[in-house]
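For reference, the structure discussed in these notes is given below.
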Amino acid sequence: MSSALMRDILDLTLEHLFLVSFSMTIAAALAIPTAIVLTRHSFLQPWVLGFANIMQTVPSLALFGFLIPLPFFGGIGKHTAIVALVLYALLPILRNTLIGILKVNPTVRESAIAMGMTGRQLLWEVELPLATRTILTGLRIATVTTIGTATIAAAIGGGGLGVFIFRGLASVDTTLLLAGAVPAAMIALAADRGLGWVEHKLSPV
Amino acid sequence: MTPLVSFRKVSARIGQKDILYDLSFDVEPGETLVLLGRSGSGKTTALKTVNSLLVPSAGDVLIEGIPTTVWDLIRLRRRIGYVIQDAGLFPHFTVAANVGLVSRLEGWQPGDIDARVQYLLNQVGLPPAQFAARYPRELSGGQRQRVGVARALAADPPLLLLDEPFGALDPVTRVQLQQQFLDLRSRLKKTALLVTHDVREALLLGTRIGVLHNGRLVFLGTRAEFLAAQDQEVRTFHTCLEEKWKETI
């Protein structure tokens, strides 16, 4: 393997990691607070979950395509890729945060209320700690999926390891395909392991 | 003296279903009033209107003369200890953190909270050195329930609400905890409203007994009055007291 190729692999891997971590940060920042709001206003649940569900069923290549003509969010480049990756990551985080909070033992929640906890205290002292594990599972699933989906970002100029894959497909070059696929798979495995470990460490019970 | 708790023509419903009809009675300071009833009689619902986990559909529950709808709910609930069947302990808190929670919410100093937790764990017969650092999952059912009682007493509330507090325990442990409750009551001079389906428990712990049947209060009186009462539902409970097994031996 040439050193130029090695350098490309490193650069694109870093770019890939940036795409994924940036998208995941935004997705978590949107999805977790939204899910908390949904636990307080259950009539909103079908609407928001429905939207997130639809986002996830749109084929990824098509979603990138749909975004291109849009003003502000669209166009060619990294920001469009990030918008699409965020939309994909929303559902697992949203759903797991919601489930994690809703499945807190009703007896425990009731005794927290009966002891005079305010809504905020109930959330921070009881609901979020007890939901931590489920929320982290959602983050892990979303991250691993995003690492794979981010390879398609190259199709709209988002960069990342997908650049190798599209180049390899165009020139029927297996080396290039592997140069994109193997690091992506390794990142996914590492993320799965790492986040799994965090999940285990942080779960309070 | 104003009654500590006063039910004034209280009705309650859950969803579309009427649970309580026109309930009126007082709980006097220092007494243990036991609400006795079968499953579905509305006794738990009645209890929950006191700390406003449930708002009556008609009538008022007065605490120290003030309707629960007027009370600041956070203040009200921190003045009422609440003990439920399987304790409802916070699984992610240690025993000490569970017991010290209300004191902490009330903004006590850490040293004062520790001292209070030690005192209360000793009061319920759980040596702090051995139990304070444990998690609820590391306790037996009886120990969990003792922690539940200690937690309810944490901020020294004038009133205790107990919902089938000893219902999930084995008979030996139940008798131990009932004795401990009597002992605590005479030492701490608390007022209590206790809900049970166990007629023996009602007679053992209640200074007065109220019987609920299909959401209505059909009897309210002392133990002696309870044993003499002729009401149909009260007599049903009398028959539970007859020790049938003696005849078969």
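Quick note: the coordinates plus some simple rules give every number you see, no bench work behind them. Computed from a predicted structure; not experimentally measured. Cβ coordinates were reconstructed from backbone atoms using ideal geometry, including for glycine residues, and neighbour counts include every protein chain displayed.
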message: Is it the case, given these coordinates, that A:GLY77 is at positive phi and within 14 Å of chain B (Cβ to nearest Cβ)?
response: no
task: Would you mind telling me which numbered condition in (1) under 28 Å from B:ILE209 (Cα atoms); (2) over 20 Å from the mean Cα position of the chain (by Cα); (3) within 14 Å of chain A (Cβ to nearest Cβ); (4) in contact (Cβ under 8 Å) with a residue 24 or more places away in the chain B:TRP71 fails?
output: (4)
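Here are B:ARG187, B:ARG134, B:ARG104: which of them is closer than 20 Å to A:ALA112 by Cα and part of a helix (DSSP H, G or I)?
On the way: B:ARG187 fails: closer than 20 Å to A:ALA112 by Cα; B:ARG134 fails: part of a helix (DSSP H, G or I).
Just a single option satisfies the conditions, and that option is B:ARG104.
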task: List every residue pair whose Cβ atoms lie under 6 Å apart, where the two residues are 6 or more positions apart in sequence or sit on different chains, the first residue falls within the range B:74-95 and is more than 12 Å from A:ILE113 (Cα to Cα) and more than 7 Å from every other protein chain (Cβ to nearest Cβ), and the second residue, located anywhere, is in a loop (DSSP other than H, G, I, E, B) and aliphatic (A, V, I, L, M).
output: B:GLN85/B:ALA168; B:THR94/B:ALA133; B:VAL95/B:ALA132
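A quick yes/no check of all residues on (1) among the aliphatic types (A, V, I, L, M); (2) farther than 30 Å from A:GLY119 by Cα; (3) without any contact (Cβ under 8 Å) to a residue 60 or more places away in the chain:
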position	(1), (2), (3)
A:GLU15	no, yes, no
A:LEU19	yes, yes, no
A:ILE36	yes, no, no
A:PRO46	no, no, yes
A:LEU63	yes, yes, yes
A:ILE82	yes, yes, no
A:LYS103	no, no, yes
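Would you please name the residue that is surrounded by the fewest Cβ atoms within 10 Å (Cβ to Cβ), looking only at residues in the range B:153-193 that are of a type in the set (A, V, I, L, M) and free of Cβ contacts under 8 Å to residues at least 24 places away in the same chain? Give the steps one after another, and end with the answer.
We begin by selecting, within the range B:153-193, every residue of a type in the set (A, V, I, L, M); these are B:153-155, B:159-162, B:168-169, B:172, B:175, B:177, B:182, B:184, B:188, B:192-193.
Pick out the ones that are also free of Cβ contacts under 8 Å to residues at least 24 places away in the same chain and you get B:172, B:175, B:182.
Details: B:VAL172: 9, B:VAL175: 15, B:LEU182: 13.
Result: B:VAL172.
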message: Checking the condition in contact with a helix residue (DSSP H, G or I) (Cβ under 6 Å, 6 or more places away or on another chain) and part of a strand (DSSP E or B), which residue from B:VAL147, B:VAL195 passes?
response: B:VAL195
- request: Could you tell me whether the range A:87-98 includes any residue that is more than 10 Å from chain B (Cβ to nearest Cβ), surrounded by fewer than 20 Cβ atoms within 10 Å (Cβ to Cβ) and not basic (Lys, Arg)?
  value: no
